[in-house]
Amino acid sequence: MSHGRPLRMGTRASLLARTQSGHVAAALTKATGRAVEEVLVRTEGDQLSTEGRIPSAGDSVGVFVRALDDALRRDEIDFAVHSLKDVPTEYAEDLLLAAVPVRADVRDALVVASRHGAKDVRSLPQGARVATASPRRVAQLLRLRPDLTTFTMAGNVDTRLRRLEEGRADALILACAGLDRLSLGERITQRIPLDELLAAPAQGALGISCRRDDADAASAIAVLDDREANAAAAAERSLLNALRAGCRAPVAALATRGGDGALVLRARVLSLDGAAMLEDEATGPLADPVALGRAVAERLLTLGAERLVTEARAAGR
């Protein structure tokens, strides 16, 4: 039975984007009875990936969000589904992050080429070539294994998995959440422990956005919001914002539920080569995650995080 007009959902054209958006659409229809129409929005980032190129360091986050935001403003769609870690921490004032659904596995995945017998990061061959574009992953990997060679490999998940088996890399680091959503969890060699690779802020979380003045879409989307996932992502994004780290600094953060309604936030800031690492942890109320993120950021800054962030941002230009 229909409950109001269909809602137009904007999504990128990649298989992963369409898959995770499809899960959101199905959940929204189940919860509200509203039909959802998929609208494909092609982004500059998708075009670069198709051509085997990587967006420039300064634009590698926003390039995947901007086209969907613009489609919202043009009233071509009613809501958009983002990987929340790609959404700038200072989001557009005319748009609203209306919901963060239940979070997927936050860990990073090690995928080792079948020709190797390694079962974890520590048992990779000496000098192994590991493909990842993330400074956070690179820094933490090199802290564990300074002998590893890391490099960027363009392409979607299927392309990178194929190139891995063609011998272009010995291993890949990808997000467990993405592989799980693509039903490729069996390709994961190791779900890397968080003590070894702490997650990116908001990794594994989706953000559903709409126009701030669209009360109909906002109220429908809100039924998918998970309070704990929303608060955790807000704390992690608040920390990233307070550090002014952007996407090119090796910053890791994870907020988890503590006792008595508390939220525990753990964070790391590293040098690009992994040689230096600052780490801190604090607890705050679930009801005020933004303050918790800022507090941990301030403590890291007093320990010298600004220098590490500044050096990483300069190197990424």
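The values are calculated or read from the model by the stated rules, or taken from the named source; none is laboratory data. Every value quoted in this text rests on a predicted model; they were computed, and no experiment measured them. We place every Cβ from the backbone using ideal geometry, glycine too, and count neighbours over all the protein chains shown.
So, T89, is that one modelled with pLDDT of 90 or more, β-branched (V, I, T), within 20 Å of the chain's Cα centre (by Cα) and part of a loop (DSSP other than H, G, I, E, B) or not?
Numbers: modelled with pLDDT of 90 or more: yes; β-branched (V, I, T): yes; within 20 Å of the chain's Cα centre (by Cα): yes; part of a loop (DSSP other than H, G, I, E, B): yes.
It is true that T89 is modelled with pLDDT of 90 or more, β-branched (V, I, T), within 20 Å of the chain's Cα centre (by Cα) and part of a loop (DSSP other than H, G, I, E, B).
Close contacts from the range 72-97, counting a first residue that is within 22 Å of A229 (Cβ to Cβ) and in contact (Cβ under 8 Å) with a residue 24 or more places away in the chain and a second that is aliphatic (A, V, I, L, M) and assigned to a loop (DSSP other than H, G, I, E, B), with Cβ to Cβ under 6 Å and a gap of 6+ residues or different chains, come to L84/A202; L84/A205; K85/A200; K85/A202; D86/V61.
The residues in the range 206-246 that are part of a helix (DSSP H, G or I) and either over 19 Å from R66 (Cβ atoms) or among the charged types (D, E, K, R) (or both) can be counted, and the count is 25. What do you reckon, is D105 modelled with pLDDT under 95, under 25 Å from G185 (Cα atoms) and surrounded by fewer than 21 Cβ atoms within 10 Å (Cβ to Cβ)? Answer is no for this residue. Which condition breaks for Q203 when tested against (1) closer than 18 Å to R257 by Cα; (2) in a strand (DSSP E or B)? Every condition holds for Q203 apart from (2).
Return yes or no: is R12 in contact with a helix residue (DSSP H, G or I) (Cβ under 9 Å, 6 or more places away or on another chain), surrounded by 14 or more Cβ atoms within 10 Å (Cβ to Cβ) and at pLDDT below 95? It would help to see each step written out before you state the result.
Working: in contact with a helix residue (DSSP H, G or I) (Cβ under 9 Å, 6 or more places away or on another chain): yes; surrounded by 14 or more Cβ atoms within 10 Å (Cβ to Cβ): yes; at pLDDT below 95: yes.
Yes, satisfied.
Can we say E279 is within 21 Å of K85 (Cβ to Cβ) and either in a strand (DSSP E or B) or free of Cβ contacts under 8 Å to residues at least 40 places away in the same chain (or both)?
Details: within 21 Å of K85 (Cβ to Cβ): yes; either in a strand (DSSP E or B) or free of Cβ contacts under 8 Å to residues at least 40 places away in the same chain (or both): yes.
Spelling it out, E279 is indeed within 21 Å of K85 (Cβ to Cβ) and either in a strand (DSSP E or B) or free of Cβ contacts under 8 Å to residues at least 40 places away in the same chain (or both).
Please find, within the range 15-39, the residue that is farthest from D75 (Cα to Cα) out of those that are without any contact (Cβ under 8 Å) to a residue 60 or more places away in the chain and either among the basic types (K, R) or part of a helix (DSSP H, G or I) (or both). First the steps, then the outcome.
Narrowing the range 15-39 to residues without any contact (Cβ under 8 Å) to a residue 60 or more places away in the chain: 18, 22, 25-26, 29-30, 33, 35-39.
From what's left, either among the basic types (K, R) or part of a helix (DSSP H, G or I) (or both): 18, 22, 25-26, 29-30.
Working: R18: 20, G22: 20, A25: 18, A26: 22, T29: 21, K30: 24 Å.
Once the filter is applied, the top-ranked residue is K30.
Summed over the range 249-273, the residues that are over 19 Å from R107 (Cα atoms), out of contact with any strand residue (DSSP E or B) (no Cβ under 6 Å at 6 or more places or on another chain) and not hydroxyl-bearing (S, T, Y) give a count of 5.
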